[in-house]
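> Got a structure here, written out as C-alpha cells. Questions coming.
Please treat every number below as a calculation from the coordinates, not as lab data. It should be emphasised that the depicted structure is a prediction, and the values quoted were computed from it without experimental measurement. Positions of Cβ are generated from backbone atoms using ideal geometry, with glycine treated the same way; all protein chains shown enter the neighbour counts.
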Amino acid sequence: MSMRMFVAVLPPLEVLEDLAEYVEPRAERDSPLRWSTQQQWHLTLAFLPAVADRDYDELVERLAEVAGRREPFELRVQGAGSFPNPAQGKVLWAGVAGDTERLERLSATCRSAAVRAGVEVDGSKFRPHLTLARSNRPVELTRWLRVFDLYAGPSWQVDEIALVQSHLGAGGSRYQVQESFPLGVGPQERAG
C-alpha cells in the first residue's frame, strides 16, 4: 500500500488569513477557475506520488536529518504567476519573496532525502508557489495576474517543514499533516 504525500512549508495562520482577505473579494465565483481554499495553501518542497508503507519510517528519519541541518529563514507571499503561461493558464498562483535561495536548497535536500529513502519524487522544476485557482481547460489569466501580482503579504519565519498526506476526493484534495520537522533541531533533540 502507498500514500500520496508531499513535503511542504505551511505558512502560519495569520499569513494565510491576510492572503485570504485579499483573494476573497477578487475571486470571481462564476469564472472558469476553481478557487483553492485557505486550508489547501502551502509551498510544496517535494511531491511524493506514492510513498510505500515500507519506506515511510526511513523517509521520516531522513527528513528530520535534513530539517535539523537547516536554520530558520524569512519568507513572504508576494506576486503571482500561472502555469503553463498567462495566455493558456490552468493554474493561477501566488509567489514568494524573501530568502528564496534557502528555500530552493531546502527543497533540493528534501527531494534528495526522499530518493535516498527509496521514494519516487516528482521531477518537475521547483517553482515555489501557493495555488490560488485551477481550471480544467486553458484560460486567459492576464487580468487576474495583474490583480494578484500587486499582493505582498506579511513576512514570517519558516521554522519547520511538514510531511503531508494528500487525499483526493470529489470536492478537491484534503490534506493531513503526518509529521512536522523543526528547522535547526537534530533528530535526537526532536525526540527528547
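> Applying the Karplus parametrisation 6.51 cos²θ - 1.76 cosθ + 1.60 with θ = phi - 60° to the phi angles of the stretch 7-12, what ³J(HN,Hα) value in whole Hz is obtained for each residue in order, glycine and proline being reported as x?
After applying 6.51 cos²θ - 1.76 cosθ + 1.60, I find 9, 8, 9, 9, x, x Hz.
> If I compute Cα extents along the principal axes in Å from the structure I just sent, which labelled value in (1) 53, 31, 27; (2) 98, 34, 10; (3) 49, 36, 25 lines up?
Correct label is (3).
> Output ³J(HN,Hα) for the stretch 112-125: one whole-Hz value per residue in order, computed from phi by the Karplus curve 6.51 cos²θ - 1.76 cosθ + 1.60 with θ = phi - 60°, and x for Gly and Pro.
4, 4, 5, 4, 5, 7, x, 9, 5, 10, 4, x, 4, 4
> Quick query: amide H of F73 versus all other amide H atoms, modeled in the peptide plane; which residues come in under 5 Å with a sequence gap of 5 or more or a different chain?
Here the answer is V158, since their amide H atoms fall under 5 Å of that of F73.
> Based on the mean of other beta carbon atoms within 10 Å per residue, what is the order of 22-30, 84-92, most packed first?
Result, highest mean Cβ count within 10 Å first: 84-92, 22-30.
> Given the DSSP H assignment, sum -39500 (n - 2.57) over each helix run of at least 4 residues in the chain and divide by its residue total; what's the result at 222 nm in deg cm²/dmol, nearest 500?
It lands at -9000 deg cm²/dmol.
> If you don't mind, there's one more thing I want to ask. Multiply the residue gap between R29 and R174 by 0.36 nm, knock off their C-alpha separation, and tell me the result in nm, one decimal place.
Using 0.36 nm per residue and subtracting the Cα-Cα distance, I get 50.1 nm.
> Right, another one. Would you grab the residues whose amide H sits under 5 Å from the one on H42? Only those 5+ places off in sequence or on another chain, please, with H modelled 1.01 Å from N.
T131
> ³J(HN,Hα) across the stretch 80-97 via Karplus (A = 6.51, B = -1.76, C = 1.60, θ = phi - 60°), whole Hz, x for Gly/Pro?
These are the phi-based 3J(HN,Hα) values: 8, x, 8, 10, x, 7, x, 6, 9, x, 10, 9, 9, 9, 9, x, 10, 9 Hz.
> Over the Cα atoms of the stretch 51-135, each weighted equally, I'd like the Debye log10 I(q)/I(0) at q = 0.12, 0.16 Å⁻¹, rounded to two decimals.
Scattering profile of the stretch 51-135, log10 relative to I(0): -0.48, -0.78.
> What is the magnitude of the charge dipole of the chain about its Cα centre, with +1 placed on the Cβ of each Lys and Arg, -1 on the Cβ of each Asp and Glu, and no other charges, expressed in debye to the nearest 20?
740 debye
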